[in-house]
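A.B. asks: Mind looking over this structure? Questions follow.
The values are calculated or read from the model by the stated rules, or taken from the named source; none is laboratory data. Keep in mind the model is a prediction, meaning the values are calculated, not measured. Neighbour counts are summed over all protein chains in view; Cβ atoms, including those assigned to glycine, are modelled from backbone coordinates with ideal geometry.
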Amino acid sequence: MARASMLREIAAERGDSLPGGGGIYDSGSSTEDFEITLAFRSLGYRCVIPRGCHSRTEVMPTMRAWFTQRLRWQFGTLESLLAYGFNRVTWGWKGWTRQGLFHLRFLGQFLLWFVLAHSLMTSGASFPPFILACLAVVYAERLVSVWRVGWRGRLLAALLVPEFLYGVSEGSYLVAAVWKTARRKPLTDWGHI
């Protein structure tokens, strides 16, 4: 919730201290909710999530729709962060730091699986113990993060194959978003269902 005066302030600052043309929303943004949060924070407002408030999104009916949705979210996040640059608002857990760790987690997981597979193919069951320790940390984090869901979620997270396949799927939209962002190529399919 925001006061009307806050929205008018955002509209007045568009094209000046805030990216975008006139209006409350930056019509060029692929993720208007994230972008307007950056706008509020850039103007000195604090955005809070009330205790007990959880956001939900529609479950996508196909993997293609899921990929399109996640690509838009990731592309829009990178697009907005680039528009606002590197500053006190975009740095930290809600901005560049989170994105960096998100991408590093994917790369680290991919490299660990690659080293593990290479070790198994070249030296049988002999592979560096640190690989298993790193993978254990990655998958323990996954297990802990779904603990509230119940035993079904825990069981699914404990099985490495579904987690690995999900990680690969997740990595595919991360790589695609970075590629599109680097090429300054706009999204053409928003994937509305």
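A.B. asks: So, in the stretch 48-66, of the ones that are touching a residue at least 40 places away in the same chain (Cβ under 8 Å) and assigned to a loop (DSSP other than H, G, I, E, B), which residue ends up nearest to residue 20 (Cα to Cα)?
C.D. replies: Here the answer is 58.
A.B. asks: Here is a further query. Could you list all residues from the stretch 120-135 that are at pLDDT below 80, of a type in the set (S, T, N, Q) and in a helix (DSSP H, G or I)?
C.D. replies: Of everything in the stretch 120-135, just one residue is at pLDDT below 80, of a type in the set (S, T, N, Q) and in a helix (DSSP H, G or I), namely 123.
A.B. asks: Which residues, counting only those in the stretch 59-89, are more than 19 Å from residue 26 (Cβ to Cβ) and either surrounded by fewer than 17 Cβ atoms within 10 Å (Cβ to Cβ) or among the hydroxyl-bearing types (Ser, Thr, Tyr) (or both)?
C.D. replies: Those that are more than 19 Å from residue 26 (Cβ to Cβ) and either surrounded by fewer than 17 Cβ atoms within 10 Å (Cβ to Cβ) or among the hydroxyl-bearing types (Ser, Thr, Tyr) (or both): 59, 60, 61, 62, 63, 64, 65, 66, 68, 88.
A.B. asks: Moving to a separate point now. Please work out if residue 54 is in the same structural domain as residue 165 (by TED's automatic domain parsing) and under 28 Å from residue 169 (Cα atoms).
C.D. replies: no
A.B. asks: Filter the stretch 1-47 down to residues that are assigned to a helix (DSSP H, G or I), aliphatic (A, V, I, L, M) and in contact with a strand residue (DSSP E or B) (Cβ under 8 Å, 6 or more places away or on another chain) and give me whichever is surrounded by the fewest Cβ atoms within 10 Å (Cβ to Cβ).
C.D. replies: Across the stretch 1-47, the extreme among qualifying residues is 10.
A.B. asks: I'd like to check something: does the stretch 136-152 contain any residue that is outside the structural domain of residue 173 (by TED's automatic domain parsing), in contact with an Asp or Glu (Cβ under 9 Å, 6 or more places away or on another chain), charged (D, E, K, R) and part of a helix (DSSP H, G or I)?
C.D. replies: No, because not a single residue in the stretch 136-152 is outside the structural domain of residue 173 (by TED's automatic domain parsing), in contact with an Asp or Glu (Cβ under 9 Å, 6 or more places away or on another chain), charged (D, E, K, R) and part of a helix (DSSP H, G or I).
A.B. asks: Sticking with this structure for a sec: Out of 117, 157, 177, I need the residue that is part of a helix (DSSP H, G or I) and closer than 30 Å to residue 18 by Cβ. Which one?
C.D. replies: 177
A.B. asks: So in the stretch 1-13, with the set limited to residues that are in contact (Cβ under 8 Å) with a residue 24 or more places away in the chain and of a type outside the set (Val, Ile, Thr), which one is nearest to residue 83 (Cα to Cα)?
C.D. replies: Per the criteria, the residue is 13.
A.B. asks: OK, next. Give me the residue from the stretch 143-166 that is within 23 Å of residue 74 (Cβ to Cβ) and at pLDDT below 75 and, out of that set, surrounded by the most Cβ atoms within 10 Å (Cβ to Cβ).
C.D. replies: 163
A.B. asks: Out of all the residues in the stretch 142-155, is one or more within 25 Å of the chain's Cα centre (by Cα) and under 17 Å from residue 110 (Cβ atoms)?
C.D. replies: yes
A.B. asks: Take the residues in the stretch 67-100 that are assigned to a helix (DSSP H, G or I), over 15 Å from residue 187 (Cα atoms) and hydrophobic (A, V, I, L, M, F, W, C), then tell me which one is farthest from the chain's Cα centre (by Cα).
C.D. replies: Looking at residues that are assigned to a helix (DSSP H, G or I), over 15 Å from residue 187 (Cα atoms) and hydrophobic (A, V, I, L, M, F, W, C), I get 83.
A.B. asks: Now for a separate question. Please tell me if residue 98 is crowded, with 17+ Cβ neighbours inside 10 Å, closer than 23 Å to residue 56 by Cα and charged (D, E, K, R).
C.D. replies: Spelling it out, it is not the case that residue 98 is crowded, with 17+ Cβ neighbours inside 10 Å, closer than 23 Å to residue 56 by Cα and charged (D, E, K, R).
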